[in-house]
Amino acid sequence: MRRLEATGVVRCLGLQPHQATIAAIQASDVLLVLRRGRTSAASHIPAKVFEYLFTAKPILAIAAPGVLGEL
């Protein structure tokens, strides 16, 4: 992430208040969800995904097979 941030491809904002997070989501061109395979249930959808869906923006999900990928 640090290399991508140094090139200007990614901006890491760290922990932000919820309103600031929503503003960043709305200002983004594409949204990313990262989910590890074995450490989380295949049927689990992170709450942030529903906020992402509300924006109607493209979402890139890097996750193990399961409901998140199907969504």
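Determine whether Leu32 is of a type in the set (A, V, I, L, M, F, W, C), open to solvent by 60 Å² or more (accessible area, probe 1.4 Å) and modelled with pLDDT of 85 or more. In short, yes. For segment 40-71, the set of residues classified as of a type in the set (Ser, Thr, Tyr) and loosely packed, with under 11 Cβ neighbours inside 10 Å consists of Ser43 only. Only residues that are in a loop (DSSP other than H, G, I, E, B) and at pLDDT 85 or above were counted across segment 35-66, and they come to 6. When the criteria are applied in full, Gly69 fails the requirement of being among the small types (Gly, Ala, Ser), at pLDDT below 90 and assigned to a loop (DSSP other than H, G, I, E, B).
So is Arg35 charged (D, E, K, R) and in contact with a Leu (Cβ under 8 Å, 6 or more places away or on another chain) or not? Criteria met by Arg35.
The values are calculated or read from the model by the stated rules, or taken from the named source; none is laboratory data. Worth saying up front: this structure is predicted, and the values here are computed from it rather than measured. Cβ coordinates were reconstructed from backbone atoms using ideal geometry, including for glycine residues, and neighbour counts include every protein chain displayed. For the accessible areas, the whole protein counts, side chains as well, though only heavy atoms, and no ligand, DNA or RNA atoms are used. Shrake-Rupley method; radii C 1.70, N 1.55, O 1.52, S 1.80 Å.
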